[in-house]
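One structure below.
The values are calculated or read from the model by the stated rules, or taken from the named source; none is laboratory data. Computed from a prediction, not measured in an experiment: that's the story for all the values here. So basically every Cβ, Gly included, is an ideal-geometry build from the backbone, and we count neighbours across all protein chains shown. Side chains are part of the model used for accessible areas, which takes the heavy atoms of the whole protein and leaves out ligands, DNA and RNA. Shrake-Rupley method; radii C 1.70, N 1.55, O 1.52, S 1.80 Å.
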Amino acid sequence: MKYLYIVGACGSIGRQTLDIVRKSKDEFKIIGMSVGSNIELSLALIEEFKPEIVCFRKKNSYKLSYSPIIVYGDEGLEFIAGYKKYDNETFINALVGIAGLKPTVAAIKARKEICLANKETLVVAGDIIKSLIKEYNVPLIPIDSEHSAILQCLTGENKKEIKRLIITASGGSFRDKKRNELEFVTKKEALAHPNWKMGEKITIDSATMMNKGFEVIEAHYLFDIPYDKIDTILHRQSIVHSMVEFNDGTIKAEIGTSDMHTPISYALRYPSHNNLESDNLNLYNLNLSFEELSFDRYPCLSYAYIAARKESIYLTVLNAANEAAVALFLNDKIKFLDIEKIIYDEISNDEYKNIDYNLENIISLSDEIIKKVIKAHGGLEK
Ligand code: MG
């Protein structure tokens, strides 16, 4: 039996993780769960899985049929992450945003295996997380489809023989639009992703290609590969989830349907490919195409490389500026193309370069930039 703690249970990755647990009750048991602002869904999931500890966003009197330990807010997330009861424990971080960072740190210190869907953890604090993983000797397994693919392509391989990682990108909701057609695109259009069903934030990040930029940074930290050996490529079908090219010209790719249940199952059962009921990929009539992913068309992707090559604290700047800009766009406060302008302005600001790169500064600077950017554009309604 694997004992699971899942934070972000009501989100897209959280619910798909629970789908897998629901079908494999003799394999997995949920011990801790954090839920979101959808109280009806939250209560239904709590009653179904009956975790011993539950974290709600806000204090309230919630009616439950049993008496779990109840905690709240960011402190509650850390409490769940650090709670330790069994030997064979896995922490699944399916939170969105920098809120996922401290819980990851707490779970590493509690020596839980980490299954990571929260990108920001590695984007803003990759160096810190890597040294903690080493110090506490815990596995860190990616849930994202691209990194799951690379992990599988690297199995049994010698890292010294890698020529480059090739991260595939579907192109997001505006892949068929030219830059001059992006001026007046709407939130609704941006949220209509052609291939993947995902949460709102990541769907916007896919449309701007910031998501791919974050994945480049994550890959750098997860697999210890320099940025000049990490490329991206436009692959509209999302069938090839990523590739690794080796020095002899061999390219290994992981291919399959675009269903997040597969990489989630692989992370939970790593390194086993067992036990997931899923649709088989129909290999007939597969038309796979690969095109250049242009920095001119997708400047946010180039901003990720630019920030990654500056002082490490600029990864916090990149993420915070993006987090604020996406929230503003989702609140109809700015236009789509303003997202990239906001990010560029922040990563070009030299004032940040003397800030020490440590957990406290990462969190406080992130908070400061998010508040500043949101205030400068009229605040948020929800
Ligand atoms: Mg991805």
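Some points to look at:
Rundown of residues vs (1) of a type in the set (D, E, K, R); (2) closer than 23 Å to Glu113 by Cα; (3) in a loop (DSSP other than H, G, I, E, B), yes/no style:
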site: Val244; (1), (2), (3): no, no, no
site: Asp248; (1), (2), (3): yes, no, yes
site: Pro263; (1), (2), (3): no, yes, no
site: Asp279; (1), (2), (3): yes, no, yes
site: Asn282; (1), (2), (3): no, no, yes
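- Residue in the range 123-142 that is open to solvent by less than 80 Å² (accessible area, probe 1.4 Å), of a type in the set (Val, Ile, Thr) and in a loop (DSSP other than H, G, I, E, B) present: yes
- Taking every residue in the range 236-259 that is in contact (Cβ under 8 Å) with a residue 24 or more places away in the chain and of a type in the set (A, V, I, L, M) and pairing it with any residue that is buried (at least 16 other Cβ atoms within 10 Å of the Cβ) and part of a loop (DSSP other than H, G, I, E, B), at least 6 positions away or on another chain, the pairs with Cβ-Cβ distances below 6 Å are Ile255/Ile239.
- Single condition Ile129 does not satisfy, out of (1) away from the ligand (no atom under 16 Å from the Cβ); (2) in contact with a strand residue (DSSP E or B) (Cβ under 7 Å, 6 or more places away or on another chain): (2)
- Within the range 131-158, residues that are farther than 18 Å from Arg269 by Cβ sit with their Cβ atoms under 6 Å from residues that are within 15 Å of the ligand (Cβ to nearest atom) and assigned to a helix (DSSP H, G or I), at 6+ positions apart or across chains, in these pairs: Glu146/Glu215.
- Scanning the range 171-190 for residues that are touching a helix residue (DSSP H, G or I) at 6+ places or on another chain (Cβ under 7 Å) and either assigned to a loop (DSSP other than H, G, I, E, B) or more than 19 Å from Asn211 (Cα to Cα) (or both) turns up Gly172, Ser173, Phe174, Leu182, Glu183, Val185.
- Members of the range 364-379 found to be open to solvent by less than 30 Å² (accessible area, probe 1.4 Å) and either outside any helix (DSSP H, G or I) or over 19 Å from Tyr344 (Cβ atoms) (or both), listed by number: Gly379
- Counting only strands (runs of 3 or more DSSP E) that sit wholly inside the range 1-111, those with at least 1 residues that are on the phi < 0 side of the Ramachandran plot and open to solvent by 10 Å² or more (accessible area, probe 1.4 Å) are 2-7, 28-34, 69-72.
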